[in-house]
Amino acid sequence: MSWYHPSSILDKIFEGGIIIKGVTGGLEFIGGVFLLFVSPASIHKFLSIVTQRELLEDPHDKIANLLLHATQHINSGGKTFAIAYLWLHATIKLIAVIGILRNQLWAYPFSLLTLGLLMLYQIYSLSIKFSAGMLILTIFDVFILALILREYGKARKLHANGQATARPS
């Protein structure tokens with residue numbers, strides 16, 4: 001078994017996108033652990049202190065208000081859902097990323113299926129309440145899905161030719 005080695009600009013973009021997915025998966029897992037041990041009230045109080053200066057300068061600051069609004073509405077059920085969602089999302093991402101970076105053929109269809117399902121949830125979420133951040137994330141995910149599909153085709157050819165450890169150019 002060998003690690004993924006990009007050989008073209010598009011391969012390097014793919015690798016960068018996959019690494020970004022891995023990093024965000026790790027951050028989501030850490031965020032779930034953080035939510036597990038910190039109360040919503042403590043999170044809200046901390047964010048109130050952190051955003052206070054910005055809100056004094058601009059009371060309509062969208063990011064600061066979004067953060068405060070989100071933490072005001074986390075109850076115990078919402079907290080449990082958030083932890084479960086973050087951990088599930090992180091686990092799926094990390095399994096897919098590690099599998100792809102280790103040139104595991106199963107990781108490509110796994111990634112296509114799971115990322116596709118998560119994107120359906122993102123699209124559903126966008127249909128209920130528009131969010132520019134969610135739209136950007138969904139567009140990024142469409143791009144990553146296209147690159148995964150491209151790489152899957154290349155990886156299948158290599159595995160069929162018995163060159164599972166080599167990378168195409």
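Taking into account only those residues within region 1-23 that are of a type in the set (Phe, Trp, Tyr) and surrounded by 13 or more Cβ atoms within 10 Å (Cβ to Cβ), which is modelled with the lowest pLDDT?
Tyr4
Does region 108-130 contain any residue that is in contact with a Phe, Trp or Tyr (Cβ under 6 Å, 6 or more places away or on another chain) and on the phi < 0 side of the Ramachandran plot?
Yes: one or more hits.
Being of a type in the set (Gly, Ala, Ser) and within 12 Å of the chain's Cα centre (by Cα) narrows it down to one residue among Ala96, Ala84, Ala64, Ala107; which is it?
Ala96
Is it fair to say Phe110 is loosely packed, with under 14 Cβ neighbours inside 10 Å and out of contact with any Ser or Thr (no Cβ under 6 Å at 6 or more places or on another chain)?
So Phe110 does not fit the description; no.
Scanning for something assigned to a helix (DSSP H, G or I), among the acidic types (Asp, Glu) and in contact (Cβ under 8 Å) with a residue 60 or more places away in the chain, does region 28-48 turn up at least one residue?
Within region 28-48, one or more residues are assigned to a helix (DSSP H, G or I), among the acidic types (Asp, Glu) and in contact (Cβ under 8 Å) with a residue 60 or more places away in the chain.
Being among the aliphatic types (A, V, I, L, M) and over 21 Å from Lys21 (Cα atoms): is that true of Leu66 here?
Taking the combined requirement at face value, the residue satisfies it.
Just give me the residues in region 93-111 being assigned to a helix (DSSP H, G or I) and in contact (Cβ under 8 Å) with a residue 24 or more places away in the chain, in sequence order.
Lys93, Leu94, Ala96, Val97, Ile98, Ile100, Leu101, Tyr108, Pro109, Ser111
Mind checking which residues of region 54-87 are touching a helix residue (DSSP H, G or I) at 6+ places or on another chain (Cβ under 7 Å), modelled with pLDDT under 85, surrounded by 15 or more Cβ atoms within 10 Å (Cβ to Cβ) and in a helix (DSSP H, G or I)?
Within region 54-87, Ala64, Leu67, Leu68, Thr71, Lys79, Ala82 meet the criteria.
Against the conditions (1) crowded, with 17+ Cβ neighbours inside 10 Å; (2) part of a helix (DSSP H, G or I); (3) at pLDDT below 90, where does Met134 fall short? Just the number, please.
If we test Met134 against (1) crowded, with 17+ Cβ neighbours inside 10 Å; (2) part of a helix (DSSP H, G or I); (3) at pLDDT below 90, just (1) comes out false.
Just checking, which of Ala90, Ala146 is surrounded by 14 or more Cβ atoms within 10 Å (Cβ to Cβ), among the small types (Gly, Ala, Ser), in a helix (DSSP H, G or I) and at pLDDT 90 or above?
The match here is Ala90.
The values are calculated or read from the model by the stated rules, or taken from the named source; none is laboratory data. All values reported here derive from a predicted model rather than from experimental measurement. Methodologically, a virtual Cβ is constructed for each residue, glycine included, from the backbone with ideal geometry; neighbour enumeration extends over all protein chains shown.
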